[in-house]
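Chemist: What follows is a single structure, and I will ask about it in a moment.
The values are calculated or read from the model by the stated rules, or taken from the named source; none is laboratory data. Note that the coordinates shown come from a computational prediction; the quantities given were computed from them, not determined experimentally. Note: ideal-geometry Cβ built from the backbone for every residue, glycine included; neighbour counts use all protein chains shown. Just so you know, the surface numbers come from the protein's heavy atoms only, side chains and all, with ligands and any DNA or RNA stripped out. Shrake-Rupley method; radii C 1.70, N 1.55, O 1.52, S 1.80 Å.
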Amino acid sequence: WKVRNASNSAWITVGVLDPAGFEVGGVTPIANGGTGQTTVAAAIAALLPSQTGNADKALVTNGSSLLWSVLSASAFTKYTFAAGTGTGTTRTHTWTKPSSGSTAIVLIWGGGGAGGADNNEGGGGGAGSNCGFGIFPLTDLGATETITLGEGGQGSASDGNGASGVNSTFGSHVTSYGGKGGDDDDGQGAQGSTPFGQGNLQNPFSSGALPGRDDFAYSIFSGGYGAVQSTSDTVGGSAVFGGAGGGGIASGGSSGGVGGTSIIAGNGGASFSGTNVNANGSVPGGGGGGSRNGTAGSGGSGECWVITL
């Protein structure tokens, strides 16, 4: 389809008439429904906001127009709070909510239980602390939150049960229970703490006792059990997120059982007769090893991780 120019000296192609569609003969400006361009790339660029100075940005809408925006990176920040030195007490920290981010993941451990001690019969291992766990929108948390961390139970050379670890808290939102101290010579085992409370001392060979003695009592967030003062059950219980339990040692033994292992938290200490450098539970929340003729292992102190993203 052609028309003559104004001077009637040549033909101007308006477009091609084709049953499959009309093909314009020139370049239609944007104001008239075109792009003002002759290639696909140039046509797209003509319709978008200017790309100059906007490398590595994404096109988004604010509800009324298109604009370039920086891509949000997948990143997180981890804050670690340690209990510090001392035993049988707590340490206080303050977490300040960041100005950016949307979510906080909290993992917190109480102190592990100390091993039991007996100069003749031997002692059982201390239990591990459970892992307190929570996921919170940052809007649900205060501008600051107080973190109170419990120390592990202090190992003692005196005949008797081991001291239990101290609880830890993240504000009013999450509590982790300290591990139960190990038994001295009564043939009882210390149950690992669970998300519902501190464990007890029970005879592991009685019906229904020490549920989960295959290491993972109640849940993956529970602590490992403390080994019994026994000739057949001296290895501390293992754990996933919780602290592991300490090993136990029986009468006549010189080297007792090893402590359990934890995938995320602290391992349990080994039991022994006399001095052994591996007796203390590891941080966070591992139970101490039992003792015969020496000082029982102390529990690992508590700790708190706050991960924001």
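Chemist: What number goes with the only condition from (1) in contact (Cβ under 8 Å) with a residue 60 or more places away in the chain; (2) among the polar types (S, T, N, Q); (3) loosely packed, with under 12 Cβ neighbours inside 10 Å that SER65 does not pass?
Modeler: So SER65 meets the others, but not (1).
Chemist: Sticking with this structure for a sec: Can you name the residue in the stretch 97-113 that is more than 9 Å from VAL306 (Cβ to Cβ) and open to solvent by less than 10 Å² (accessible area, probe 1.4 Å) and, of all such residues, is farthest from the chain's Cα centre (by Cα)?
Modeler: GLY113
Chemist: Okay, next question. Out of GLY260, GLY285, report the one residue that is at positive phi and either modelled with pLDDT of 85 or more or outside any loop (DSSP other than H, G, I, E, B) (or both). Reasoning before the result, please.
Modeler: Numbers: GLY260 fails: at positive phi.
Of GLY260, GLY285, the one residue that is at positive phi and either modelled with pLDDT of 85 or more or outside any loop (DSSP other than H, G, I, E, B) (or both) is GLY285.
Chemist: Kindly provide the set of residues from the stretch 168-192 that are over 15 Å from LEU107 (Cα atoms) and in contact with a Phe, Trp or Tyr (Cβ under 7 Å, 6 or more places away or on another chain), ordered by number.
Modeler: Taking the stretch 168-192 and keeping what is over 15 Å from LEU107 (Cα atoms), we get 179-192.
Residues satisfying the conditions are GLY189, ALA190, GLN191, GLY192.
Chemist: Does at least one position in the stretch 135-142 carry a residue that is under 18 Å from GLU303 (Cα atoms) and either surrounded by 18 or more Cβ atoms within 10 Å (Cβ to Cβ) or modelled with pLDDT under 85 (or both)? Walk me through it before giving the result.
Modeler: Of the residues in the stretch 135-142, the ones under 18 Å from GLU303 (Cα atoms) are 135.
Right, trim to either surrounded by 18 or more Cβ atoms within 10 Å (Cβ to Cβ) or modelled with pLDDT under 85 (or both) and you get none.
There is no residue in the stretch 135-142 that is under 18 Å from GLU303 (Cα atoms) and either surrounded by 18 or more Cβ atoms within 10 Å (Cβ to Cβ) or modelled with pLDDT under 85 (or both).
Chemist: Further question on the same structure: What number of residues in the stretch 75-122 are under 30 Å from SER230 (Cβ atoms) and modelled with pLDDT of 90 or more? Full working, then the answer.
Modeler: First pass over the stretch 75-122, keeping only residues under 30 Å from SER230 (Cβ atoms): 87-88, 109-122.
Okay, now just the ones that are also modelled with pLDDT of 90 or more, so 109-117.
Counting residues in the stretch 75-122 that are under 30 Å from SER230 (Cβ atoms) and modelled with pLDDT of 90 or more gives 9.
Chemist: Could you tell me whether the stretch 7-19 includes any residue that is aromatic (Phe, Trp, Tyr), modelled with pLDDT of 85 or more and over 60 Å from the mean Cα position of the chain (by Cα)?
Modeler: Pass one, the stretch 7-19, residues aromatic (Phe, Trp, Tyr): 11.
Applying the additional criterion that residues be modelled with pLDDT of 85 or more yields 11.
Then drop every residue that is not over 60 Å from the mean Cα position of the chain (by Cα), which leaves 11.
Scanning the stretch 7-19, I find at least one residue that is aromatic (Phe, Trp, Tyr), modelled with pLDDT of 85 or more and over 60 Å from the mean Cα position of the chain (by Cα), so the answer is yes.
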